[in-house]
Amino acid sequence: MTRSRISSRWILASVPLFAAAVLIGARTAKSGRVAVPTPPDTSAMALIARGRQGVLSHGCGGCHGGLDDPSSAGWLAGKMTDDQVFAVGACNVVHPDAKPCFKTYPRNLTPDNETGLGRFTERQIFNALRYGLRPEATPDVDITSMTPGQGNFPAHPRYLAPPMPWPDWRHMDDADLWAIAAYLKRAVKPVHNRVMESEGPPDFWASAYAKLAGPYPPKPFPTENERVPDQNGAAPNHRRGIGDGASTNNEVWPHCLVAT
Ligand code: HEC
């Protein structure tokens, strides 16, 4: 069965349950003296833990496989079953037979050298998440501009197809994106699973997203829908509530519970 809309599985907020456990075992040398254990590379471990949390909290497995369970079969291995196929276009909105209709396929994010991210560098993965640039069609360079043809932004970019949510993911900060790239490349076991090419011309994807996605970087704060908190960090003229250190439950709960 084809999924007609973005699956609610990945929209559902997932609670990251990750806790990193670093086990340091004391080794006994042949001489009988206890050797000083080699400390684990905590910076690398922290990077991987951060990347894993980024993957779990952004529901990557909801489309790329395994939902939010790294122990499940097919974790991030890309499209394996028909319910991982997306139909994009009029067939999704008007009628299943309406045109245009493009099938898109979540790709293999495991580091397999032939069918997965093993073919790409961490910088190419970073560029995919920040700029939506398809790794296999984009050189391994630092992107220095947001305009095609300027800086290192490809003159004819090939963007990742919907519903890959790179217009959202690109707002993660640099460190989170690098951590996700590191987790995918270094800490996931490779799975050999060739995913077919998504359909649809690249300029279609770019224009579809240009209409839906906001600008990057976003407009500076505050926009017309936002407001600057007062100097204590509270909303201007707000009724003080839980969390600002100046309320009691009595003040807040009746207000919350009674519809006004
Ligand atoms: C709503 C579904 C969905 C979610 C959620 C999603 N992706 Fe994707 N992703 C896709 C689809 C579909 C493609 C294939 C796009 C194409 O073929 O152009 C893709 C492609 C990619 C690619 C390109 C891989 C390649 O070989 O070209 C990367 C990298 C990627 N996704 C990473 C992620 C990461 C990391 C997350 C979570 C932070 C994520 N995706 C979440 C649907 C999704």
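FYI, it's all coordinate maths here, none of it is from the lab. What you see is a predicted model, and the numbers here were worked out from it, not measured in a lab. No Cβ is skipped: glycine too gets one built from the backbone with ideal geometry, and neighbour counts run over all protein chains shown.
Below is a table of values for the structure above.
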{"read-out": "Charged-residue dipole, Cβ positions (Lys, Arg, Asp, Glu), the stretch 87-225 about Cα centre, Debye nearest 20", "value": "180 debye"}
{"read-out": "Volume of the Cα convex hull of the stretch 43-94, divided per residue and given in Å³", "value": "90 Å³"}
{"read-out": "Fewest-first ranking of 50, 186, using other Cβ atoms within 10 Å as the exposure measure", "value": "186, 50"}
